[in-house]
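K.L.:
I have a structure I would like to understand better, so I am pasting it below and will then ask my questions one at a time.
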Amino acid sequence: MTDLLDRIGFHVDDVTDVITFLGQVRDLATRGVEVPHMWAVAAGPVDPTHEDHIELEFGISTEADKGALAFGAGDTIYVPAHGTNDEDIDYQLGGAHPAGFPPKAEVPIDKVIAALEQYVRTRQRPTVIDWALAD
């Protein structure tokens, strides 16, 4: 498995070893980042315009123990129902390309990792998070 965290996005099929991948995410979160990092993980058809294409965006904040989540299906975007940021927040795709998350996307990093694990294993919107429509 190549280091998926060197990319800005990838497909769940690229995650050949879930335990190693999640370990890499945990390690990066523990070491900390100088700019907030985010990635998009697709599932379903590779074509992003296909109606069955979904994506989980996850991020690691510069603040200890904080990350972010957003889930997209078609034109609908969901964020955690109990996220903490009140405004849009800047993150960097792969740590290098400006992007961001909508309000309510930031949650504890443990919730990010739990949602990411469930998503990679099931290829469905994680149920370990209560979701709400993004503003």
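K.L.:
Over the Cα atoms of segment 84-135, each weighted equally, I'd like the Debye log10 I(q)/I(0) at q = 0.27 Å⁻¹, rounded to two decimals.
P.N.:
Debye intensities relative to I(0), on a log10 scale: -1.13.
K.L.:
In nm, to one decimal, how far is the ASP135 label point from the ALA96 one, both placed 7 Å along Cα→Cβ?
P.N.:
3.3 nm
K.L.:
Helix-derived [θ] at 222 nm for the chain: sum -39500 (n - 2.57) over DSSP H runs of at least 4, divide by residue count, nearest 500?
P.N.:
After summing the helix terms and dividing by residue count, I get -6500 deg cm²/dmol.
K.L.:
A further question follows. Return the FRET efficiency for the residue pair THR20, THR49: r is the Cβ-Cβ distance, R0 is 30 Å, and the value is rounded to the nearest 0.05.
P.N.:
For THR20 and THR49, the calculated efficiency is 0.45.
K.L.:
Could you work out the percent of alpha carbon pairs in segment 4-133 separated by over 20 Å, rounded to a whole number?
P.N.:
The proportion of pairs with Cα distances above 20 Å equals 37 percent.
K.L.:
Treating each Cα of segment 1-62 as an identical point scatterer and ignoring solvent, apply the Debye formula and state log10 I(q)/I(0) at q = 0.16, 0.30 Å⁻¹.
P.N.:
Ignoring solvent entirely, the Cα scatterers give -0.54, -1.34.
K.L.:
Sticking with this structure for a sec: On a full-extension model of 0.36 nm per residue, what is the gain between ASP13 and GLU87, subtracting their alpha-carbon distance, rounded to one decimal in nm?
P.N.:
23.4 nm
Just so you know, all these numbers are worked out from the coordinates, no wet-lab data involved. Please read all numbers here as calculations on a predicted model, not as lab measurements. Cβ coordinates were reconstructed from backbone atoms using ideal geometry, including for glycine residues, and neighbour counts include every protein chain displayed.
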